[in-house]
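What follows draws every value from the coordinates through simple rules; no lab data is involved. Since the model is a prediction, treat every value here as computed from it, not as a measurement. Cβ: placed from backbone, ideal geometry, glycine included. Neighbour counts: every protein chain shown.
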Amino acid sequence: MHLLITGGAGFIGSHVVRRFLRAHPGCRVTNLDSLTYAGNLANLRDLEDDPRYRFVRGDITDAAFVGKLFSENDFRGVVHLAAESHVDRSIADPTAFVMTNVIGTVNLLDAARRAWEGNMEGRRFYHVSTDEVYGTLEDGGGMFTESTPYDPHSPYSASKASSDHFVRAYHDTYGLPVVISNCSNNYGSHQFPEKLIPLFINNIRTGRELPIYGGGENVRDWLWVEDHARAIDLIYHEGKNGETYNIGGHNEWRNIDLVRLLCRIMDRKLERAEGESETLMRFVTDRAGHDLRYAIDASKLKHELGWEPSITFEEGLEKTVEWYLANGEWLEGVTSGAYQNYYEAHYGGR
Ligand code: NAD
Ligand code: TYD
């Protein structure tokens, strides 16, 4: 089985590449990634010597390049994660999100359609999406199901919603065998320290302020990234063509409560006085269009495919903190920008 995984040098993608190679001895993976600021090949250092793994540097917005890659390789399937993924960046520069998330996705869909035409049996195009396409929920009011109407508010979620529609359109129009999952907020190792949890771990570690948007009342449903990778593997192999699956942790936290928990764990791990990290908390101007609450109803995935999260948030957050503290070199490589030299140094510009 030769799979194309896009965005494999990013946070979730690196866990997905590792999951497929570890769980399926017969699987080969081509990791296609353009190495934006979010791509870090050091995330996959442990797999570099695996003959079943290959890295290709390339941009999914380049239709000719994507078409050529498909004509030169007989991919059985695609797991598509490459994206611009940070809401704050999408507010600053929406165009990059349209290019990669919409145009890039259409380029991949079109290349797969052309390459697989007349031979779709056993193929699969798996599109990894987000719960943010559903918009926002009232405090304490319901959860997102697979039939919740799309109502995106940020340029990021609007671009992901658009890409989801194109994926469904390729299924309905051309019979492309697609599957989509919409997942809640992920946390775990190898996440770029611009997202809440790794940013705050790094700031506490280095004694910098913790900027909490608005009053910290926003609620997110957090899932350990390895549980997401396991769900993607399961859905890839056992999900039904044309279907959507919600993935979530049944694990809602107000930002303020999450940050307080994180501060307590950090105080303990760093052997600081209780309450020391909390002194770094600062309430700052709210994010524009800040969605109040996300919560995923993942019962379809549980009932149809038997998936459930494997660990509690307290356990997962503790493991996550331990990973960043044990991998200060990784964090320093990212925050200094040195990680961007990894490709030249290890692949010699190939
Ligand atoms: P990330 O930003 O950490 O990684 C994205 C990867 O895509 C990077 O390696 C980057 O180099 C690559 N990439 C970006 N533009 C590219 C392009 N034009 N061509 C080729 N590669 C390109 O993102 P992530 O957090 O790992 O998210 C992965 C996917 O999962 C995204 O599609 C995102 O929408 C989705 N998702 C993320 C979360 C989350 O909490 N992080 C939750 C649900 C869904
Ligand atoms: P983030 O990790 O950016 O994920 P998303 O916006 O996709 O949910 O943010 C998680 C929550 O934390 C969100 O409500 C915004 C908030 N937040 C802060 O309060 N301060 C920060 O510095 C960041 C990055 C996020």
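Between the listed residues L234, M266, V284, the Cα displaced farthest toward the positive end of the dipole of the stretch 220-293, a dipole computed from Cβ unit charges relative to the Cα centre, is found at V284.
Computed from label points 7 Å out along Cα-Cβ, the spacing between R168 and E117 is 2.6 nm.
Mean sequence separation of contacting Cα pairs (under 8 Å, at least six apart), scaled by the length of the chain, corresponds to a relative contact order of 18 percent. By the Stokes-Einstein formula, at 0.890 mPa s and 25 °C, the chain with its Kirkwood radius over alpha-carbon pairs has D equal to 119 µm²/s. The amide H of F283, built 1.01 Å from its N in the peptide plane, has I212 as neighbours under 5 Å, considering only residues 5 or more places off or on other chains.
Give, as a single signed number, the net charge of other residues whose beta carbon lies under 10 Å from the beta carbon of L301, with Lys and Arg counted +1 and Asp and Glu -1.
Details: positive: K300, K302; negative: E146, D297, E304, E308.
That works out to -2.
For the pair N241 and D46, the difference between a 0.36 nm per residue extended length and the Cα-Cα distance amounts to 66.9 nm. Over the stretch 4-131, what relative contact order in percent results from Cα pairs under 8 Å that are six or more residues apart? After rounding, I find 27 percent.
Please compute the net charge surrounding W224, taking Lys and Arg as +1 and Asp and Glu as -1 over other residues with Cβ under 9 Å from its Cβ. Display every interim value, and only then the final one.
Numbers: positive: K319; negative: E226, D227, E315.
My count for the surroundings of W224 gives -2.
Considering only DSSP beta bridges whose two residues both sit in the chain, what percent are antiparallel, to the nearest 5? The answer is about 10 percent antiparallel. Residue-normalised convex hull volume from the C-alpha trace of the stretch 147-238: 139 Å³ per residue. Structural descriptor for the stretch 153-273: relative contact order 33 percent, calculated from alpha carbon pairs under 8 angstrom and at least 6 residues apart. What is the distance in Å between the Cα centres of the stretch 112-178 and the stretch 294-350? Here the two parts' Cα centres lie 23 Å apart.
Which pairs break 30 Å Cα to Cα here: K160/K269; K269/K300; K195/K300; K160/K240; K160/K302? Present the calculation step by step, with values, prior to reporting the outcome.
Numbers: K160/K269 37 Å; K269/K300 38 Å; K195/K300 28 Å; K160/K240 21 Å; K160/K302 24 Å.
In this structure, K160/K269; K269/K300 exceed 30 Å between Cα atoms.
Each Lys and Arg Cβ is given +1 and each Asp and Glu Cβ -1; about its Cα centre, the chain then shows a dipole of about 800 debye.
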